[in-house]
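*Asks:* Below is a structure I'd like to ask you about.
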Amino acid sequence: MNDRRGDALPLVSVLIPAFNHELFVERCLDSVLEDAYPAKEIVIIDDGSRDRTAELIAAWIARHGDEVPVEFVRRGNKGVSATLNELAARARGEYLRLGASDDYFLPGGLHAQVRYLLANPCKGAVIGDSIVIDREGNKLHDSGMCDLHGADKSLYRSDEGIRRAVISQWAIGGPVALVRKNALETARWTEGLRIDDWDFFLRLASRDALGFIDVPVCAYRLHDTNLSKTRHTATRVVNLIESQRVAMRRLSLFEGPYRTLLKAQSHYIGAKISFLQRQLWPLTLHMTVYLSLALLSKARLTAHGGPGSA
């Protein structure tokens, strides 16, 4: 393959924040080697793991370090957003493939995503789909977007649909993004956030800088320490409060019906918080405002022939 008409393929830096994933990190690293894309490097940071994750990474590099360039840093815990920013700063690649040490990449994903970005220079990033696996690696679902999150993939066929989907139907499960490094000039990860990915992709979607390919590019592993799948009520409330703050903070990036839709989403999140806290009156209020704003946004999208007009 040579998408650059004689030039070398662009270097892809595979960024892997690692934390307490001794059972999974070697599979993640193996999958980088298994992808046939030739121009790649691994940048991995152990973010203060308390198990054997760092030792296993070092042992893997001792076995395979001559097969792929690897930069490995072991340090104290700073959180995923700070770790992603540090990984990106250390990367030498033109493109950054986001990873997670408990998931793994699927062969062919890098080629497919690089092809998309080469063909679409206006896009700052492209996302794909995932398969979903359990703790032992058994397949649970063929599509993380559809089977796990109930996404309508037809929305992702247009910039308007992607904007609507990222705002109201967050369905990005696992490390499915390839990002141009220069896109981080306007969309770095906000440090201190636990739910950092929605904030990051909202900023990309607001500039129509996000693309989509309907190709499974990673295996997303469900296990008992997934942050987004926790059943602990207090933790869920904290995560939802953060998500609500993100929604309100990013309102200024959107205009017209999309701003209205994001405001509606903030009230929907507020309703979830009220439900978990068993507060009937705030729940009723949030749901009333949410339904009103969602209907208003849909009416405005329909009037403009947008993705809500079907």
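The values are calculated or read from the model by the stated rules, or taken from the named source; none is laboratory data. Owing to the predicted nature of the structure, the values given are computational and were not obtained by experimental measurement. Every residue, glycine as well, gets a Cβ built from its backbone with ideal geometry; the counts of neighbours run over all protein chains shown. Side chains are part of the model used for accessible areas, which takes the heavy atoms of the whole protein and leaves out ligands, DNA and RNA. Shrake-Rupley method; radii C 1.70, N 1.55, O 1.52, S 1.80 Å.
*Asks:* Between residue 223 and residue 118, what FRET efficiency follows from the Cβ-Cβ distance if R0 is 51 Å, with the result rounded to 0.05? Provide the component values of the computation, followed by the final result.
*Replies:* Working: r = 35 Å, r/R0 = 0.69.
With a Förster radius of 51 Å, E is 0.90.
*Asks:* Let me ask you something else. For residue 149 and residue 51 in one chain, what is 0.36 nm times their gap in residues minus the Cα-Cα distance, to one decimal in nm?
*Replies:* Details: separation 98, 0.36 × 98 = 35.28 nm, distance 3.08 nm.
So the chain would gain 32.2 nm between residue 149 and residue 51.
*Asks:* Enter the angle in degrees (range 0 to 90, nearest 10) between the Cα long axis of helix 25-34 and the first principal axis of the Cα atoms of the chain, meaning the one along which they spread out most.
*Replies:* Its long axis makes an angle of about 70 degrees.
*Asks:* Continuing with the same structure: What shape does segment 198-279 take by its C-alpha gyration tensor, where a ≥ b ≥ c are the square roots of the eigenvalues and a/c under 1.5 counts as rounded, a/b above b/c as prolate, and the rest as oblate? Provide the component values of the computation, followed by the final result.
*Replies:* Working: a/c = 2.63, a/b = 1.10, b/c = 2.39.
Oblate is the answer for segment 198-279, as a/c is 1.5 or above yet b/c matches or exceeds a/b.
*Asks:* Mind computing the radius of gyration and Dmax over the alpha-carbon atoms of segment 48-182? Å is fine for both.
*Replies:* Radius of gyration, then largest Cα-Cα span, for segment 48-182: 16.7, 47 Å.
*Asks:* Between 204, 29, 222, find the one with the highest GNM mean-square fluctuation for the chain; connect C-alpha pairs within less than 10 Å.
*Replies:* Top of the fluctuation ranking is 222.
*Asks:* Here is a further query. Carbon-plus-sulfur fraction of the accessible area of the chain, 1.4 Å probe, in percent?
*Replies:* Percent of accessible area from carbon and sulfur atoms in the chain: 51.
*Asks:* Running a GNM on the chain with Cα contacts under 10 Å, which residue among 259, 236, 249 ends up with the highest mean-square fluctuation?
*Replies:* 249
*Asks:* If you put +1 on each Lys and Arg Cβ and -1 on each Asp and Glu Cβ, how big is the dipole of the chain around its Cα centre, in Debye rounded to 20? It would help to have the intermediate numbers written out before the result.
*Replies:* Details: 40 positive and 37 negative charges, 271 e Å.
My answer is approximately 1300 debye.
*Asks:* Mind pulling the angle between the C-alpha long axis of helix 233-249 and the longest principal axis of the chain? Nearest 10 degrees, somewhere in 0 to 90.
*Replies:* Once rounded, the angle reads 80 degrees.
*Asks:* Given the pairs 40/139; 153/298; 139/298, which span a C-alpha to C-alpha distance of over 29 angstrom in this model? Spell out each step's value before the answer.
*Replies:* Numbers: 40/139 27 Å; 153/298 18 Å; 139/298 36 Å.
Beyond 29 Å: 139/298.
*Asks:* Moving on. If you wrap a convex hull around the C-alpha atoms of segment 12-118 and split its volume per residue, what is the figure in Å³? It would help to have the intermediate numbers written out before the result.
*Replies:* On the way: hull volume 9.5 nm³, N = 107.
Spread over its residues, the Cα hull of segment 12-118 gives 88 Å³ apiece.
*Asks:* With springs only between Cα atoms under 10 Å apart, run a GNM on the chain and tell me which of 46, 147, 103 wobbles the most.
*Replies:* Among 46, 147, 103, the largest GNM mean-square fluctuation belongs to 147.
*Asks:* Ok, one more. Whole-Hz ³J(HN,Hα) for each residue in segment 259-270, computed from phi via Karplus 6.51 cos²θ - 1.76 cosθ + 1.60 with θ = phi - 60°, x for glycine and proline: what do you get?
*Replies:* In residue order, the calculated couplings are 5, 4, 5, 5, 5, 4, 4, 5, 6, 5, 5, x Hz.
*Asks:* Right, another one. Residues of the chain: accessible area per residue at 1.4 Å, in Å²? Show your work: numbers first, answer last.
*Replies:* Working: 14230 Å² over 310 residues.
Solvent-accessible surface per residue comes out at 46 Å².
*Asks:* Something else about it: Quick check on segment 120-189: what does the Kirkwood estimate of hydrodynamic radius come out to from the alpha carbon pairs, in Å? Please list the in-between numbers first.
*Replies:* On the way: mean 1/r = 0.0743 Å⁻¹.
With all distinct Cα pairs of segment 120-189 included, I get 13.5 Å.
*Asks:* With a ≥ b ≥ c taken as the square roots of the eigenvalues of the C-alpha gyration tensor of segment 86-132, please select rounded if a/c is under 1.5 and otherwise prolate if a/b is larger than b/c or oblate if it is not?
*Replies:* Note, shape of segment 86-132 comes out oblate.
*Asks:* Next question. Where both residues lie in the chain, what percent of DSSP beta bridges are antiparallel, nearest 5?
*Replies:* Values: 10 of 35 bridges.
Counting DSSP beta bridges with both partners in the chain, the antiparallel share is about 30 percent.
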